[in-house]
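Written below as structure tokens is the structure these notes are about.
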Amino acid sequence: MSAPAAFDVLVVGLGPGGGSAARAAAAAGCRVLAVDRRKEVGQPVQCAEFLPNPMLRHGNLPGVLVQKITGMKTFLPSGHREDSDFPGLMIDRGNLDRAVADEAEAAGAELRLETRLLELDAEGLVARLKGPEGEYEVAARAVIGADGPHSPVAQAAGLPPQKTVHTRQHTLPLLDAYADTDIFLSPDFPGGYGWFFPKGDVANVGLGIDRRYGEDLGGPLAGLIAQLVERGLVEDRLLGRTGGSIPVGGLRPMVHPGPVLLVGDAAGLTHPITGAGIPAALISGDRAGEAAAEYLEEGDAEALEDFEEDVRDQFETSVSRGVERREELERIWGRPEASSDAPHRRGWIAFSEYFGASAEAEEAVSR
Ligand SMILES: Cc1cc2nc3c(=O)[nH]c(=O)nc-3n(C[C@H](O)[C@H](O)[C@H](O)COP(=O)(O)OP(=O)(O)OC[C@H]3O[C@@H](n4cnc5c(N)ncnc54)[C@H](O)[C@@H]3O)c2cc1C
């Protein structure tokens with residue numbers, strides 16, 4: 001039997017994390033293979049398409065920006081509305097993923113679509129792939145797992161499954177231009193929230209629910225859409241639907257099991273309260289590509305330790321706070337407190353309470 005084809009870096013997944021990692025590793029001179037099980041990069045879109053960091057260069061890539069967002073309106077169970085400044089961009093997520101993958105290809109990475117990772121020997125770094133040409137093996141000197149919330153790469157490296165929230169979203173015609181994101185906190189969306197994000201002449205309306213506290217996504221979504229129709233914001237005409245899982249358990253205890261580097265959703269970098277994960281995927285992907293190249297060039301595992309440290313420095317504080325707030329909210333779902341505003345103020349980023357000390361610490365101080 002012939003030896004498997006050899007690459008310096010195998011990237012699994014061509015979302016924003018994988019595209020960035022493949023670009024950075026190829027730009028640093030590595031021989032990179034990046035694979036995705038999808039037929040087309042970025043399709044189908046599974047995203048509400050809000051880029052919460054308007055300063056990222058990716059907002060300027062071709063075809064990405066659809067409209068600017070200036071603020072956030074947060075609706076509490078009592079009906080109180082809190083208006084905050086919260087600038088960001090509504091983007092065409094399919095175009096973003098495609099533009100980032102194009103950059104990877106231009107930097108010299110080889111992209112293979114319709115190619116699924118079936119198995120990975122995370123120690124020997126040999127992957128079994130299945131593509132249009134059948135099953136085959138490739139060997140690599142480093143592997144980047146950019147394969148989303150259920151990451152088969154992380155699983156092969158012996159890491160446990162992540163806690164996730166389930167989402168469902170409809171795209172509807174937007175009746176008038178709108179420049180805010182609307183957020184709905186309610187006992188109807190246990191473990192998540194409802195959203196209305198305007199995107200040019202359409203709007204993405206969706207919700208997330210933790211299935212441990214609620215099974216039904218269809219009823220609450222229909223209720224949210226009815227409310228938006230009544231406010232005169234959208235027409236009740238379905239243009240598209242999507243959904244998917246969002247990891248909410250926080251940063252994994254380890255993001256580089258050996259020469260396997262995890263990025264984006266696979267690493268648990270998605271914000272556990274807002275579910276935003278595009279910026280973290282782009283940033284961690286870039287960093288992982290660079291770190292893999294340094295590791296291969298110098299043969300020094302310190303480059304991998306530096307990757308771990310940089311990711312933790314950049315994301316751990318905000319992700320850990322999100323995990324803490326989720327845990328506090330978990331005590332209210334299915335109970336009368338879920339209908340009062342106070343726990344939601346503490347559990348959502350628009351309120352100063354969110355950034356306060358833990359409930360226990362505050363209680364201890366007031367005693
Ligand atoms: C409904 C919804 C709405 C969201 N809205 C927002 C938002 O508005 N703003 C925001 O910032 N974030 C949002 N997120 C989160 C955001 O989409 C993710 O954080 C982001 O996609 C993470 O990028 P990634 O590259 O890590 O993973 P992904 O984009 O999930 O990419 C992983 C890739 O790996 C591929 N893959 C998986 N398994 C294999 C395999 N075995 N072999 C080959 N390929 C494989 C998949 O096909 C996929 O293309 C939303 C998520 C959902 C589900």
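The values are calculated or read from the model by the stated rules, or taken from the named source; none is laboratory data. Quick caveat, the model's predicted, so the values are computed rather than measured. Cβ placement follows ideal geometry from the backbone for every residue including glycine, while neighbour counts extend to all protein chains displayed. Accessible surface is based on the protein model in full, side chains and every heavy atom, while ligands, DNA and RNA are left aside. Shrake-Rupley method; radii C 1.70, N 1.55, O 1.52, S 1.80 Å.
Converting the Cα gyration tensor eigenvalues of region 57-165 into ellipsoid dimensions via √(5λ) gives semi-axes, longest first, of 37, 22, 11 Å.
From its DSSP helices (H runs of at least four residues, each -39,500 (n - 2.57)), the chain gives a residue-normalised ellipticity at 222 nm of -9500 deg cm²/dmol. Leaving out ligands, DNA and RNA, and with a 1.4 Å probe, what % of the accessible surface on the chain is carbon or sulfur? Taking all protein chains in place, the chain shows 49 percent carbon and sulfur surface. Relative contact order for the chain: 20 percent, from Cα pairs under 8 Å spaced at least 6 residues apart, divided by residue count. What residues of region 319-337 lie in the reach of a label at His80, counting those whose backbone N is under 16 Å from a point 7 Å from the Cα along Cα→Cβ? Correct set: 337. Label-to-label distance for Glu230 and Asp102 is 4.4 nm, based on points extended 7 Å past Cα in the beta-carbon direction.
Our summary of shape: the Cα atoms of the chain have principal axis extents of 66, 52, 35 Å, ordered from largest down, in whole angstrom. In a DSSP loop and with at most 11 other Cβ atoms within 10 Å, the trypsin sites (Lys or Arg not before Pro) in region 186-265 are Arg231, Arg237. Remark: the Glu119-Ala301 segment gains 63.1 nm on full extension, using 0.36 nm per residue and subtracting the alpha carbon distance.
A DSSP coil position with no more than 14 other Cβ atoms inside 10 Å describes the following trypsin sites (Lys or Arg not before Pro) in region 247-348: Arg331. Would you list the membrane-span-like helices of the chain, meaning whole DSSP H runs whose alpha-carbon atoms span at least 27 Å along their axis and whose mean Kyte-Doolittle value is at least -1.0? Helices passing the filter in the chain: 278-298. Once the dipole of the chain is set up with Lys and Arg at +1 and Asp and Glu at -1 on Cβ about the Cα centre, which of Ala266, Ser284, Ala27 lies farthest towards its positive end? Highest projection toward the positive end goes to Ala266. At q = 0.10, 0.18 Å⁻¹, what log₁₀ I(q)/I(0) does a Debye calculation on the Cα points of region 245-367 give, no solvent, two decimals? These q points yield log10 I(q)/I(0) values of -0.40, -0.91.
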